[in-house]
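Visitor: Please see the structure below; I have some questions.
No lab work stands behind these numbers, since they all come straight from the coordinates. No experiment lies behind these values; they were computed from the predicted model shown. Cβ atoms come from the backbone with ideal geometry, glycine included; neighbour counts cover every protein chain shown.
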Amino acid sequence: MHAAKVGVIVVLALLTLAGASATPAPETHTRAHPPIVIVGDAGFLLPGSGVRSGSGTEADPFVIAHWTIAQPTALTGALGIVLMGTSAHVLVKDVEILGPACQVECPFYEAVRIEGARNVVLEDVRVHHFEIGLTILDSRDVAVDGFSHRGGPDPRFFGDANRVLNSADVTLAGLHTESLGWRNLLIQDSSGVAVAGARFGPSAYPNWDAGTVTVARSTDVAFRGSEFRGADLTLGRGVDKLVVETTRSSTADNSTRGPPNPRARTARSPSAATASRPRATPRSRSRARPPCS
């Protein structure tokens, strides 16, 4: 009888250990997910939102994390993540967005679009082969901490790789862009934009009077601790309270030249209507390109 009790205890102990080992570990790797489009706060609760946890409050934001979003084919207007008209707190973290395979005359691609939204945080977002990495339009209270944008699918892409348009209280920390088309970043009609720890690469069209980073019709814009590697900072009209400090400019071989000198230019500056166009297709969006050398 005593031996039988011991056997039962041993079996229960083994089952307890097995149950403990079967408890799923916290998600730390990315898994495949289709493109995510969330319209309004109710969209966070719908299937396919990519939300893993959270209730949408400041203390407990919706968390969209550990996903790989791929566009396997060249679709017009291909998108990775869209947040439109949301006010709930959301954290997008550890997400990789892969554009479709395309070499020449690619359609319009946009990896992350935040439109008419607020209380958005992006952390460690990695974008590959999209013409436009990040658009922040008509939004406020948006914070970015780690956003890399490498290589548009069409090497002749003629547009803005990352854009902050008609928005306020935006922080861009750790924005790294390289191997892109025309302009790395456009800040226009915005206020309270802080860029820190950014790295900007050269334009694919260095002879065009455009500027690889451009600020226009904006106030309270600051660049701190950033690197302009073969890139420049161009000022359009209506810029007020611009701060550029602890920022360096370097040549293609990474030798330091000192802080970039903001230059006032207006040539070939995009109009507000063109720059802030909410959605576009190859037919409606100008695809003018410089002549091939």
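Visitor: Grab the beta carbon distance between Arg150 and Glu245, set R0 = 35 Å, and tell me the FRET efficiency rounded to 0.05.
Guide: Once the sixth-power term is evaluated, E becomes 0.80.
Visitor: How high is the FRET efficiency from Ala59 to Arg237, r the C-beta distance, R0 51 Å, rounded to 0.05?
Guide: Step by step, r from the Cβ atoms, then E = 0.75.
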